[in-house]
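*Asks:* There's a structure below that I have some questions on.
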Amino acid sequence: QVQLVESGGGLVQPGGSLRLSCAASGSIFSFNAMGWYRQAPGKERELVAAATSGGSTNYGDSVKGRFTISRDNAKNTVYLQMNSLKPEDTAVYYCNANIVLFGTRNYWGQGTQVTVSS
């Protein structure tokens, strides 16, 4: 079974930084895209950042220039470096990964809370 385990969330002051990690396991197949989504109370889940195994990246408009996604394919791990954090970034952050095998299968982590507050 594929499992995505997230870590690195917590409480940080505005302007601060956090680094999230997501370690994937349980698949003998390579992951295509890996990325991060977030969901704040009362809002829809939204894309934060995504990266393909080939190195292509995509960011949500609200985090461009502040967040950086990276992957270590050998370790099946994806990271999200979050800088210049704002209160609006407060949300549960979910790791996502997919595998293309006779169709696309999506997997989700359990989520990690990020709170940006003074």
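*Asks:* Here are the criteria: (1) of a type outside the set (Phe, Trp, Tyr); (2) open to solvent by 60 Å² or more (accessible area, probe 1.4 Å); (3) farther than 17 Å from Gln39 by Cβ. Tell me which single one Gln113 does not satisfy.
*Replies:* Against the list (1) of a type outside the set (Phe, Trp, Tyr); (2) open to solvent by 60 Å² or more (accessible area, probe 1.4 Å); (3) farther than 17 Å from Gln39 by Cβ, Gln113 comes up short only on (3).
*Asks:* Can you name the residue in segment 8-24 that is open to solvent by 60 Å² or more (accessible area, probe 1.4 Å) and part of a strand (DSSP E or B) and, of all such residues, is nearest to Leu101 (Cα to Cα)?
*Replies:* If we take residues in segment 8-24 being open to solvent by 60 Å² or more (accessible area, probe 1.4 Å) and part of a strand (DSSP E or B), then Arg19 is nearest to Leu101 (Cα to Cα).
*Asks:* Of the conditions (1) of a type outside the set (Asp, Glu); (2) modelled with pLDDT under 95; (3) under 20 Å from Asp61 (Cβ atoms), Gln39 satisfies every one except a single condition; which number is it?
*Replies:* Here Gln39 clears every test but (2).
*Asks:* Now for a separate question. Determine, yes or no, whether Tyr37 is within 10 Å of the chain's Cα centre (by Cα), open to solvent by 20 Å² or more (accessible area, probe 1.4 Å) and of a type outside the set (A, V, I, L, M).
*Replies:* yes
*Asks:* Let me ask you something else. How do the pairs read when you match residues in segment 52-78 that are within 21 Å of Val114 (Cα to Cα) with residues anywhere that are assigned to a helix (DSSP H, G or I), using Cβ under 7 Å and keeping only pairs 6 or more apart or on different chains?
*Replies:* none
*Asks:* Of all residues in segment 25-34, count the ones that are open to solvent by 70 Å² or more (accessible area, probe 1.4 Å) and under 12 Å from Asn73 (Cα atoms).
*Replies:* 2
The values are calculated or read from the model by the stated rules, or taken from the named source; none is laboratory data. Bear in mind that the values here come from a model prediction, so they are computed numbers and not experimental data. Every residue, glycine among them, receives a Cβ derived from its backbone with ideal geometry; neighbour counts consider all protein chains shown. The accessibility values were calculated without ligands, DNA or RNA, using every heavy atom of the protein model including side chains. Shrake-Rupley method; radii C 1.70, N 1.55, O 1.52, S 1.80 Å.
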